[in-house]
Every structure is written in structure tokens, then in C-alpha cells.
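The values are calculated or read from the model by the stated rules, or taken from the named source; none is laboratory data. This is a predicted model, so every value here is computed, not measured. With ideal geometry, Cβ positions are generated from the backbone for all residues, glycine too; neighbour counts draw on all protein chains shown.
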Ligand code: F0G
């Protein structure tokens, strides 16, 4: 079984390395000529002709706006609302699986802006998706393509969010799902989601990269549909976060967009959307897209800073931000291209910097999971290096909800997160951000004393 190429519109598959344009993709979504990744491209958009009616920028903008008032499920989705910029899936009405994903808020972050030293800071909170992470935008699209391909099983290797999302969409589409996750290295919140949504959940005694390896072997032997971000349908769906962001900004791009980097699917997708939107004249200039990694899981940082983006040396990754505990990112070449196209930077941040930034985002009344907080931690560094200027506008992409990983948050506020670790000394600097719960007798006087003490310290 192979995955059918869309024939009704102009979207075509192309290998990112050798440029081969196969009609169909194999089950591993890799180029059969050179083994590299595939991506969709839209030949009609770049044939030099004047915008055709269906890509006329102002017509598209008003069509997308109109759909916000529609009662149709696909129009209500913040992914399918933008379907003119996505490959066509035949018989969509029959196959689309939607949880009304996307439609995520753009929040102003005044306190974080002060901390980072920028005037205009916003966060697009992709953790406000149905399964509480950004994965849903790509998953609705790729799961629908699996349904259209009549697959009985879908599968992914995951650090927890992809699996939660896949399990939900598979369940909604009456498909079975197989989850491969590293044993003991994903948060309970994410694990509990895939169990409840009915996935066959295998905790493998390895890391994320080991899970990917097994899955790649598995799809060669079994007719399962691969839902990791090497699947180009995932990338297409995830593009819509950037399209929606531009709509929220009245099509005036910010100077900078900052994303966390793990397997690098998200940076590839957002970058692809930005480049395509400029091609279609939906926006007039490109924001700089910067990618932030945890220092203990920094293969892409090293790829760019040590090897000039020419090679990626896999590593054994380690970080408390388990979502991005990835040592061999699949989409690194796509991400290099995005950096080159947009002029973005790559930074790395320490465990303590991540924890502090997470508490700061929380203190703005927003909150996010640890991997998302690398964006603010990275912004502070990019500001200090002068790459981001005080007067420039910045949007952070927050990828997961605060409640995805409450263990991390509670340990941080209790002061236990770094106890006995290499970060213990550095962690003293983040102490002022800790708000440990206070255990008191059931006594009014004790509560009033606590209130008065808090007031004195505020
Ligand atoms: N933030 C969160 C919350 C994530 O879950 C991930 C990746 C990333 C950032 C990094 O995004 O991989 O596109 O660069 N999580 C994957 C998973 C790998 O399996 O859930 P990326």
C-alpha cells in the first residue's frame, strides 16, 4: 500500500535533497532515490503568473474571515479554514477528522516583555488546542490523509504530545493507533491522554530516537500509517499556525518569531508557511524565525554553530523539558533552509533558564509546558546578543499547555527540581520566582499572617 498523491490540485511531492518529484510516497515518507525527506510544493504558485483567482491575496483573506462565522465543522477548524493553502484531500467531507483545532489565542506578555527587554512581546499559545499542544494542527490533516488512504492503523514515536494528539484523532476517525514512547521519559499528563484515547501504548526501554528507529523498521513490515513529522501532511497542517498568526496581526508580520526546536518539524512548517505567504503576497516581508534548543539536547544548535548547517551529528539528549529530549532531529535540513530564508538564529538555553522562563510566562497568567518556555529563555539571550532589538516586535510560539507536565512545575516551585543536580548552584538565581504552597493549620489567624507576609513582600 502506498500513499496516494493528490491529483485534483497542483500540490506535488518533492524530495528536499535531490529534487525528485514522485507521484506517491512510500510508507516511510522518504525519497526512493536518495532517502531524504519529502515536502509538498505548489507549482502554480511559483510559475511567475499573476496571482490566479484562487490565490488572490485579498479574496483569500476575506474568504478566511467569512468562514469564522460559518457553522460548518471544517470552516470552524483553524486548520481547514485555510484549506486553499493546503494540498487537496479527495472526498474531504468523508475523510476529514477535526476537533476544531487551531483558533489559538495570541496573548500580550507585558511582564515577560519587561524581563526580556523588548517593547512588544506576544505569545501564540498552541497549547490551547484540543489535546493541549501544537501537534493537533498537523494531526488533523495527516490523520485525515490516513483515513482517505483507508489505513486501519496509524503509529508514531513520540515524546508525548504527538502520541496524545494522534491517539485522539485516530479515535475520532475510527482508526487504531500505536504509540511508541520512551519508558519513564514522558510526563504523566501526556501518557494519560494516549491511554484514555485508546491507543496501544508501548513504553520502550530506550529514548525518543530509539523509538523512531523501531518505528521506521515497523512501517516497512506492517501496513501502518506513519504519523511522525517526516510525514509531509503533518507539516502542511502545522503551517496554519503561522497563517492564523498573520491574520491575527492584520497581515503585518512581526520582526521575530521564536520557536522551540526538537525534531524540527514545527520550525520547518512555520518557515514554509511564511515563505509561501510571501510568494502569494499575503505578507510583504518575512519575520526572522529563530529556533531555541535545550543545552542538553542541542544537536541543531551544534549543526549550525559548529558545522555551518552542513551536517548534523546525532547525540544522546538529556533535558527536563522532555518534549524536546531529541538527539537526532529528522527535519534538520528543512530547518536549516528556514533559517537561511528568514535570517533567523539558533540559541541554546540551560535547564535553569528554561525553568525560570516557564515561571515568568506563568506569572503573566498564561503558563506553558517546559519545552515551550525555551522561547522566552532564548529571547533573553538573543536580546543580550543584540540579535533582537528593544523596539522590535516578537512572537513566541508556546507549543504546549502548562498542565501537560505539572510535576515539573510543582518541583520547581517547591525548590526540588534541581536538588542534587549540576544545575543546583545556578538554580539559586531563580529562587525569587518560586511560589511554594504553604501548609497551615485550619486557622484564620495563620491564613491572615500568611496574607500579611505576602503583602509585605509584594
Ligand atoms: N514543544 C513541545 C511541547 C513538543 O511536544 C515538541 C515536540 C516540540 C516543542 C518540538 O517541536 O519536534 O517540531 O521541533 N514534540 C514531539 C512529540 C517530538 O513527540 O510530541 P518539533
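Residue pairs whose Cβ atoms lie under 9 Å apart, separated by 6 or more positions or on different chains, with the first residue in the stretch 174-192 and more than 14 Å from residue 143 (Cα to Cα) and without any contact (Cβ under 8 Å) to a residue 24 or more places away in the chain and the second within 14 Å of the ligand (Cβ to nearest atom) and part of a helix (DSSP H, G or I), are 192/164.
Once the stretch 305-320 is narrowed to residues that are touching a strand residue (DSSP E or B) at 6+ places or on another chain (Cβ under 9 Å) and in contact (Cβ under 8 Å) with a residue 60 or more places away in the chain, the residue that is farthest from residue 419 (Cα to Cα) is 317. Looking for something under 20 Å from the mean Cα position of the chain (by Cα) and crowded, with 17+ Cβ neighbours inside 10 Å - is there at least one such residue anywhere in the stretch 111-121? For the stretch 111-121, residues under 20 Å from the mean Cα position of the chain (by Cα) and crowded, with 17+ Cβ neighbours inside 10 Å: present.
Residues of the stretch 170-189 include at least one that is in contact with a helix residue (DSSP H, G or I) (Cβ under 6 Å, 6 or more places away or on another chain) and under 28 Å from residue 88 (Cβ atoms). Across the stretch 167-190, which residue is surrounded by the fewest Cβ atoms within 10 Å (Cβ to Cβ) among those that are touching a strand residue (DSSP E or B) at 6+ places or on another chain (Cβ under 7 Å) and assigned to a helix (DSSP H, G or I)? Within the stretch 167-190, the match that is surrounded by the fewest Cβ atoms within 10 Å (Cβ to Cβ) is 167.
Every residue, every condition in (1) more than 12 Å from the ligand (Cβ to nearest atom); (2) part of a loop (DSSP other than H, G, I, E, B); (3) within 24 Å of residue 121 (Cα to Cα); (4) at pLDDT 95 or above, yes or no:
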| residue | (1), (2), (3), (4) |
| --- | --- |
| 228 | no, yes, no, yes |
| 245 | yes, no, yes, yes |
| 250 | yes, yes, yes, yes |
| 266 | no, no, yes, yes |
| 293 | no, no, yes, yes |
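Counting only helices (runs of 4 or more DSSP H) that sit completely within the stretch 367-458, those holding 2 or more residues that are touching a strand residue (DSSP E or B) at 6+ places or on another chain (Cβ under 8 Å) and surrounded by 13 or more Cβ atoms within 10 Å (Cβ to Cβ) correspond to 370-384. Selection of the stretch 296-340 for residues being more than 13 Å from the ligand (Cβ to nearest atom), over 19 Å from residue 239 (Cβ atoms), part of a helix (DSSP H, G or I) and under 21 Å from the mean Cα position of the chain (by Cα) yields 296, 302, 303, 304.
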